[in-house]
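Input: a single structure, listed below in structure tokens.
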Amino acid sequence: MTADPLDILHATFGFSGFRGVQAQVVGRVMAGLGTLAVMPTGAGKSLCYQLPALARTGTAVVISPLIALMHDQVRSAEGFGIKAATLTSADDDRAETMRRFRDGDLDLLYVAPERASNESFRNLLQATELSLFAIDEAHCVSEWGHDFRPDYRLLRPLLDRFPDVPRLALTATADAHTRADILQQLGLPQDGLIVAGFDRPNIRYQISPRDGLAQQLKAFIADQPGAGIVYAPTRDATDRIATQLAGLGRSTRAYHAGLDPAVRQRNQRDFVASEDMVMVATIAFGMGIDKPDVRFVAHAGLPKSIEAYYQETGRAGRDGEPAVAQLFWGAEDFARARRRLAEVDETRMAGERTRLAALGMLVETSDCRRAILLRHFGETPPTRCGNCDNCLSPPATVDVTEVARKLLSAAFRTEMRFGVGHLLDVLAGHDTEKVIANNHNRLSVYGIADEEELKLVRPVARVLIARDALRADEYGGLSFGPSARAILKGEEPVGLVMAPKRERKRKSRDAQEHPHDPLFEALRARRREIAMAKGVPPYVVFHDSTLREMAGLHPTTMAGLAQVTGVGEAKREAYGEAFLEVLRGWQG
Ligand SMILES: [Zn+2]
């Protein structure tokens, strides 16, 4: 017995239609076909298994890598009136959950991959009818993916034991290689691959060189409404930045593996529940949370790869509302990454080097950031997106080939072991102790740069390092990388992107995009009360976009409320009256 997916879409989730590839994916699962759905975060991935789980007979088993993530997902599902539970080592109610499962009293059962190899779990699955297997974060099954989890390899025998139960693998990031591998590893048919576009049009990408990070972060965050994440490269940096930002008048927390687990858990919970908290964290934070209303993600340093950047920035704006991704980078990020590269296994070296070069291009470009990202994932985007820093205020590019050649010559003449400070002294013709002691005042490059050129030496060094024309050792000593020769010979021009002056006194982003709406604020206040009373994050009650639509349509009856996107039956019943009270009482 199956129900009509469209009826469920409307009644349970409050949506009038499917978005993007959702219809295709749900259609395949309903037809019992194996499917791999590659969908960007925020494209409504979880609905692709939740809906068939409701429409088909039986219970859906959802495999997910992180316990915290499962708990968030269960809470969200329950908000829609879906019967869901987790079966993990962290749950005290395992016996109760198993009983509910056996009785067919669950629409969704979330489990971790390691459970799959457990014989008693396999037997448990025989006890009731299964509607489907959903394998979330499916890229974890592939060694080609950026997040390989050996536990995922245990899934295939389990899936094969239930050949008639459709399998749906889901991931937000997987390149062509990884996709092919997922299909094979999970026994999915070649034609079962459905790839949604990677574009996240509501995320604004901004990238700038680091220059007084604490001030840069403060200025950036002051402009951002709502909750956000600042990613720091190390635990120490995380603590330091959290302290620096504490004076901003926003609640600020830190999250890294060095914190007491109880503190970490509390910080994470507070963040999920908050409407404007700043979370400073290592990248360990975020994969395990399901918070749709993160308004910004800032990187204090270079991410590991474009895939990682896309995934980390993708945690912003999952509700589809405007969000910002800001990256601050420095030459030392590239230098450190290249040194780490030296320790990498020979077979992975070429791949890792390509990853780093792609990042270099992303941060250094004066072209559209989004276009570079999407091309990286094999798409053919328009050349301008209109929603990244370079599209919004096109920067000027200055030809700095001459300065680059002088700097490279100076590095070469000084035997490629000095840092940029000393090379600057040599190029400027300064008689420092170090210059004299090394006889560098006798070199042909001594004093060959003029005042204007000297100002450009440091930014040019940054560009050359990002491009792998210069490599920095751990003491800052600069030597040639593979692309140095062509530049030195004048075969490759070097351009420097000059960031446009930041206009101060600009209205805050929120004010531009959403004029202040007191009814929306009143609805938000009501949502806060309900969330607090129920002990759930505000977004589990309703998303901002739903409240905004509610404020716009201003319904005063249950029937009117039902027309608002995101208001399904369970939520209407649970919260309808409370919100109607605000709406009816509103004179404006
Ligand atoms: Zn753009």
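Filtering the stretch 376-392 down to residues that are in a helix (DSSP H, G or I) and surrounded by 18 or more Cβ atoms within 10 Å (Cβ to Cβ), which residue is farthest from the ligand (Cβ to nearest atom)?
So the first thing to find is which residues in the stretch 376-392 are in a helix (DSSP H, G or I), and the list is 376, 389-392.
Applying the additional criterion that residues be surrounded by 18 or more Cβ atoms within 10 Å (Cβ to Cβ) yields 376, 389-391.
Values: His376: 14, Asp389: 8, Asn390: 6, Cys391: 3 Å.
By that ranking, first place goes to His376.
Need a quick list: strands (runs of 3 or more DSSP E) entirely within the stretch 244-363 having at least 2 residues that are out of contact with any Phe, Trp or Tyr (no Cβ under 8 Å at 6 or more places or on another chain).
Working: elements: 252-255, 278-281, 294-299, 323-329.
Correct list: 252-255, 294-299, 323-329.
State which residue is modelled with the highest pLDDT when the search covers only the stretch 447-476 and only residues that are crowded, with 18+ Cβ neighbours inside 10 Å and either of a type in the set (D, E, K, R) or assigned to a loop (DSSP other than H, G, I, E, B) (or both). Working first, answer last.
From the stretch 447-476, those crowded, with 18+ Cβ neighbours inside 10 Å are 449, 456-457, 459-472; that's our starting set.
Those left that are additionally either of a type in the set (D, E, K, R) or assigned to a loop (DSSP other than H, G, I, E, B) (or both): 449, 462, 467-469, 471.
On the way: Ala449: 95, Arg462: 87, Arg467: 84, Asp468: 85, Ala469: 91, Arg471: 88.
Selected residue: Ala449.
What are the residues in the stretch 193-222 that are away from the ligand (no atom under 13 Å from the Cβ) and under 30 Å from Arg28 (Cα atoms), if any?
The initial filter retains those residues of the stretch 193-222 that are away from the ligand (no atom under 13 Å from the Cβ), namely 193-198, 202, 208-222.
Passing the criteria: Leu193, Ile194, Val195, Ala196, Gly197, Phe198, Asn202.
Of everything in the stretch 464-494 that's of a type in the set (Ser, Thr, Tyr) and under 15 Å from Phe412 (Cα atoms), which residue is nearest to the chain's Cα centre (by Cα)? Before you say what the answer is, go through the steps one by one.
Here is the first cut: in the stretch 464-494, the ones of a type in the set (Ser, Thr, Tyr) are 475, 479, 483.
If we keep only those that are under 15 Å from Phe412 (Cα atoms) too, we end up with 479, 483.
Numbers: Ser479: 34, Ser483: 31 Å.
Among residues in the stretch 464-494 that are of a type in the set (Ser, Thr, Tyr) and under 15 Å from Phe412 (Cα atoms), the one nearest to the chain's Cα centre (by Cα) is Ser483.
Taking the criterion of being crowded, with 17+ Cβ neighbours inside 10 Å, away from the ligand (no atom under 16 Å from the Cβ) and without any contact (Cβ under 8 Å) to a residue 40 or more places away in the chain, would at least one residue in the stretch 348-357 satisfy it?
Checked against the condition, which is being crowded, with 17+ Cβ neighbours inside 10 Å, away from the ligand (no atom under 16 Å from the Cβ) and without any contact (Cβ under 8 Å) to a residue 40 or more places away in the chain, the stretch 348-357 yields at least one hit.
Answer yes if at least one residue in the stretch 555-569 is of a type in the set (S, T, N, Q), part of a helix (DSSP H, G or I) and under 27 Å from Ala316 (Cα atoms), and no otherwise.
no
Mind listing just one residue for me: the one in the stretch 301-324 that is closer than 22 Å to Asp147 by Cα and among the hydrophobic types (A, V, I, L, M, F, W, C) and, of those, farthest from the chain's Cα centre (by Cα)?
Per the stated criteria, the residue is Leu302.
If you check every pair at least six apart or on different chains, which have Cβ atoms under 9 Å apart with a residue in the stretch 364-375 that is within 20 Å of Asp333 (Cα to Cα) and more than 9 Å from the ligand (Cβ to nearest atom) first and a residue that is assigned to a loop (DSSP other than H, G, I, E, B) and of a type in the set (Phe, Trp, Tyr) second?
Qualifying pairs under 9 Å: Leu373/Phe198.
Considering only the stretch 1-41, how many residues are within 19 Å of Lys83 (Cβ to Cβ), part of a loop (DSSP other than H, G, I, E, B) and not polar (S, T, N, Q)?
Adding up the residues that qualify gives 3.
Which residues, counting only those in the stretch 403-428, are surrounded by 15 or more Cβ atoms within 10 Å (Cβ to Cβ), among the charged types (D, E, K, R) and under 21 Å from Ser483 (Cα atoms)?
Arg405, Lys406, Arg413
Would you mind finding the one in Val403, Val398 that is assigned to a helix (DSSP H, G or I) and either more than 20 Å from the chain's Cα centre (by Cα) or within 9 Å of the ligand (Cβ to nearest atom) (or both)? Give the steps one after another, and end with the answer.
Details: Val398 fails: assigned to a helix (DSSP H, G or I).
Going through Val403, Val398 in turn, the sole match is Val403.
Quick check on this structure: which one of Leu69, Leu51 is crowded, with 18+ Cβ neighbours inside 10 Å, under 23 Å from the mean Cα position of the chain (by Cα) and either touching a residue at least 12 places away in the same chain (Cβ under 8 Å) or closer than 16 Å to Gln126 by Cα (or both)?
So the residue among Leu69, Leu51 that is crowded, with 18+ Cβ neighbours inside 10 Å, under 23 Å from the mean Cα position of the chain (by Cα) and either touching a residue at least 12 places away in the same chain (Cβ under 8 Å) or closer than 16 Å to Gln126 by Cα (or both) is Leu69.
Looking at (1) buried (at least 16 other Cβ atoms within 10 Å of the Cβ); (2) closer than 30 Å to Gly197 by Cα; (3) without any contact (Cβ under 8 Å) to a residue 60 or more places away in the chain, can you tell me which one Asn438 breaks?
Here Asn438 meets the rest and fails (2).
Mind counting the residues in the stretch 158-192 that are within 26 Å of Arg56 (Cα to Cα) and either in contact with a helix residue (DSSP H, G or I) (Cβ under 8 Å, 6 or more places away or on another chain) or part of a loop (DSSP other than H, G, I, E, B) (or both)?
22
So, in the stretch 527-542, of the ones that are without any contact (Cβ under 8 Å) to a residue 12 or more places away in the chain and either part of a loop (DSSP other than H, G, I, E, B) or not charged (D, E, K, R) (or both), which residue ends up nearest to Ser76 (Cα to Cα)?
Step by step, filter the stretch 527-542, then rank; the result is Gly535.
The values are calculated or read from the model by the stated rules, or taken from the named source; none is laboratory data. The shown structure was predicted, so the numbers you read here are calculated from the model rather than taken from an experiment. Neighbour counts are summed over all protein chains in view; Cβ atoms, including those assigned to glycine, are modelled from backbone coordinates with ideal geometry.
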